[in-house]
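Trainee: Following this message is one structure expressed as C-alpha cells.
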Amino acid sequence: MINLSEKKLRLTMALRSQAILSSPILSAIETIPREKFIASALRHHAYENASLPIACGQTISQPFIVAKMTEALDVKSRHIVLEIGTGSGYQASILSLLVRRVYSIERHRPLFVEARNRFLELKLTNITIRLGDGFSGWPEVSPFDRIIITCQVESVPFELIKQLKPDGIIIAPLGPPGKEFLTKVTKKGDVIHTEKLISVRFVPMIPGIADV
Ligand code: SAH
C-alpha cells in the first residue's frame, strides 16, 4: 500500500521528467489535495498523471497539462487571473497559490456549486467564481494580467482579448475540435502574437449557461 505523500512524490517526479521544473508549481501540486476534486469512486487515481471524468460529462485535466499551462502563463504573485472553465476547480486552486486573485467562470451549475464548496473547505479565499458564459468574460473585474481557457475553442473570443491587459498572456487550447494546440497568445499594444506549444485534447467551449 503506497501512502499519499509517496504518491505525490511519484507524481512530481513524473512531472519533472516531463520538463516541469518550476519549484512553486511543483509545490502547489504537492499542496493541493487533488483527491478532493474527484468523485470518491475514482479517488485512488488522484495522483496518477491522467485526466479523469467529473460531473456533467466534463474532465479534470491531467496534472502535466495543468502544470504546463500554469508554467506557460508565467504568473507573478501580484497578478489577477481569469479562468474560463472552472470544472472541478483544480486548476484555479493551483493558480490561487501563485497569484493575488483568481476569477473563474463555469457554465454548469452543479460544477459551479461543487467547486465553490471546495474552495470554502480548502480556505482558498482568493478565488471568486461565477456561473456564466466565458465568451463574455468578466468585464466588471477586468482587465486581467493573465487569462487561461481550459476548454477547446477555435480562436480566442474577442471579448477576452479586450479584457486582457497590455503585455498580458492568454493560454488556451485553440483550433478545431480534436486538432487543438495549447497556444500562447500575447498582446503587445494592438498587436496579437500567437505561439503553438503542444497538441492537446480538451472538452469544447460551449456558449450559454447550462443552468440545471
Ligand atoms: N479547469 C478545470 C477543467 C475544466 S474542463 C479543472 O481544473 O477541473 C472544461 C470546463 O469548461 C467544463 O467544466 C465546461 O463546463 C467549461 N466550459 C465550457 N464552455 C464554457 C463557457 N462558455 N463558459 C464557462 N465554462 C465553460
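Trainee: How much accessible surface does Leu21 have with a 1.4 Å probe, in Å² rounded to 10?
Mentor: Result for Leu21: roughly 120 Å² accessible.
Trainee: Then there is this: Return one number: the angle in degrees, 0 to 90 and rounded to the nearest 10, between the long axis of the Cα atoms of helix 4-17 and the longest principal axis of the Cα atoms of the chain.
Mentor: 50
Trainee: Grab the other residues whose beta carbon is less than 14 angstrom from that of Ala19, score K and R as +1, D and E as -1, and report the net.
Mentor: With Lys, Arg at +1 and Asp, Glu at -1, the net is +1.
Trainee: If you don't mind, another one. Using only Cα atoms, locate the centre of the stretch 100-115 and the centre of the stretch 121-149, then give the distance between them in Å, rounded to an integer.
Mentor: Rounded to whole Å, the Cα centres lie 8 Å apart.
Trainee: Right, another one. Under 1.5 on a/c is rounded, so check that first for the stretch 35-158, then, if it is not, pick prolate when a/b is larger than b/c and oblate when it is not; a ≥ b ≥ c are the square roots of the alpha carbon gyration tensor eigenvalues.
Mentor: Rounded, because the longest to shortest axis ratio a/c is under 1.5.
Trainee: May I ask for the angle, rounded to the nearest 10°, between helix 109-121 and the longest principal axis of the chain, with both axes built from Cα atoms and the value confined to 0 to 90°?
Mentor: Around 60 degrees separate the two axes.
Trainee: Using a 1.4 Å probe over the heavy atoms of the protein chains, calculate the carbon and sulfur portion of the accessible area of the chain as a whole percent.
Mentor: C and S fraction of accessible area: 56 percent.
Trainee: Given the convex hull of the Cα atoms of the stretch 59-129, what is a quarter of its surface area in nm²?
Mentor: 4.2
Trainee: Could you tell me which of the pairs Lys8/Lys196; Lys8/Lys162; Lys76/Lys162; Lys7/Lys165; Lys123/Lys179 are separated by over 32 angstrom between their Cα atoms in the structure shown?
Mentor: Going by Cα-Cα distance, Lys8/Lys162; Lys7/Lys165; Lys123/Lys179 fall outside the 32 Å limit.
Trainee: Order of 199-208, 72-81, 141-150, 184-193 by packing, highest average Cβ count within 10 Å first?
Mentor: So the peptides 199-208, 72-81, 141-150, 184-193, ranked by packing, come out 141-150, 72-81, 199-208, 184-193.
Trainee: Evaluate the charge dipole of the stretch 4-199 about its Cα centre and quote only its size in Debye, nearest 20, assuming +1 on the Cβ of each Lys and Arg and -1 on the Cβ of each Asp and Glu.
Mentor: For this selection, approximately 360 debye.
Trainee: How many Å² of accessible area per residue for the stretch 4-199, probe 1.4 Å?
Mentor: With all protein chains present, the stretch 4-199 gives 45 Å² per residue.
Trainee: Among DSSP beta bridges lying fully in the chain, give the percent that are antiparallel, nearest 5.
Mentor: Within the chain, antiparallel bridges account for around 40 percent of the total.
Trainee: Turning to a different aspect of this structure: Please sort 130-140, 39-49, 54-64 by packing, taking for each peptide the average over its residues of neighbouring beta carbons within 10 angstrom, highest first.
Mentor: Result, highest mean Cβ count within 10 Å first: 54-64, 130-140, 39-49.
The values are calculated or read from the model by the stated rules, or taken from the named source; none is laboratory data. As the structure is a prediction and not an experimental result, all values here were calculated from the model. Every residue, glycine among them, receives a Cβ derived from its backbone with ideal geometry; neighbour counts consider all protein chains shown. For the accessible areas, the whole protein counts, side chains as well, though only heavy atoms, and no ligand, DNA or RNA atoms are used. Shrake-Rupley method; radii C 1.70, N 1.55, O 1.52, S 1.80 Å.
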